[in-house]
1. Give the order of Val214, Val60 when sorted by the count of other beta carbons within 10 angstrom, beginning with the fewest.
2. Can you list the residues of the stretch 2-24 with backbone N under 16 Å from a point 7 Å past the Cα of Phe178, pointing along Cα to Cβ?
3. In which sequence would Val223, Val232 go, from the one with the fewest C-beta neighbours within 10 Å to the one with the most?
4. Measuring from label point to label point, each 7 Å out along Cα→Cβ, what is the His231 to Leu194 span in nm?
5. If each residue of separation counts as 0.36 nm, what is the full-extension length gain between Val59 and His162 once their alpha-carbon separation is subtracted?
6. How much FRET efficiency would the formula 1/(1 + (r/R0)^6) give for Thr219 and His80, where r is the Cβ-Cβ distance and R0 is 25 Å, rounded to 0.05?
7. Taking 0.36 nm per residue of separation and subtracting the Cα-Cα distance, what length does fully extending Val27 through Leu128 add?
8. State, to one decimal in nm, how far the label point of Thr2 lies from the label point of Phe113, with both points 7 Å from Cα in the Cβ direction.
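Values quoted throughout were computed directly from the atomic coordinates according to the rules given, and no laboratory measurement underlies them. Computed from a predicted model, the values in this text were never measured in an experiment. Because the Cβ atoms are built from the backbone with ideal geometry, glycine has one as well, and the counts that use them run over all protein chains shown.
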Amino acid sequence: MTFISILYGLLFWAATLILVIGVGRRVHLYWKVPAPLKIVTTPAPVTRSGVVWRMFKEVVFFTSLFRASKYTWVFAILFHMALWLVLLRHTRYFMDMNSFLVFMQPFGRYAGFAMLLGLTGLLGRRMLVDRVRYISAPSDFLMLLLLLSIGVSGMMMSFGVHTDIVQVKAFFHGLMTFDWQPLPGDPLLLLHLLLVAVLMIIFPISKLLHAPGVFFSPTRNQVDNPREKRHVAPWARELEREHKLYADDTPTAPVSR
């Protein structure tokens, strides 16, 4: 076992723990934050099934972004859909191949071009559109550059400098089963994996948390029924109950005639 293999093994174990625990804590925080008001964005569904359908369209098709900016929507949908194909292709490093994964390999491979095109468009929007550049923080540019670097290094390995993917798969299988295997020492592979680990570590503290956060947005996940049903947050309901009990126990003075 080489030093690089041990170092990257520990790095990916740490990155995985940070990713899982960090995202889990954030989701728990989102779950506990009260929504004291009905602030749903209209036009909005008036039934729970309508909310589910609205969330599905928002997550899969980015409907609100489509209405806001068609150009941004094109690059965003291109990047996200291509990213899913790329991630699906990479599952071959963690599980045994089956007919579905074999079928998806070429789609995931060439989806890398679409992913890079989408990221380039989003980065260009950050730099060229005045109002977007004004509200962009340095972390916004660094995140896009990190994703671009991961995509470029991965595409270079896929179409240029090839590596021993059998040994890479054995390495990650070994991490999962506590039977560590040596990792190929190709510089491009090491750079690619280092960038991926950095992304995993900073994910829980970055704006990329919009991925799980969209499901907890009260402007999207609320039913538009303020007239039919009073909306009371749990903490407000407790205060209301305590106030009612206090009012019932307080003696009232007789009314003079």
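1. Numbers: Val214 15, Val60 11.
Taking fewest neighbouring Cβ atoms as first place, the list is Val60, Val214.
2. 10, 13-14
3. On the way: Val223 18, Val232 12.
Least to most surrounded, the residues fall as Val232, Val223.
4. With each label point 7 Å from Cα toward Cβ, the separation is 4.8 nm.
5. Values: separation 103, 0.36 × 103 = 37.08 nm, distance 3.48 nm.
The span from Val59 to His162 would gain 33.6 nm if fully extended.
6. On the way: r = 20 Å, r/R0 = 0.81.
Efficiency, rounded to the nearest 0.05: 0.80.
7. Working: separation 101, 0.36 × 101 = 36.36 nm, distance 3.36 nm.
Contour length minus Cα-Cα distance gives 33.0 nm.
8. Calculated label separation equals 3.2 nm.
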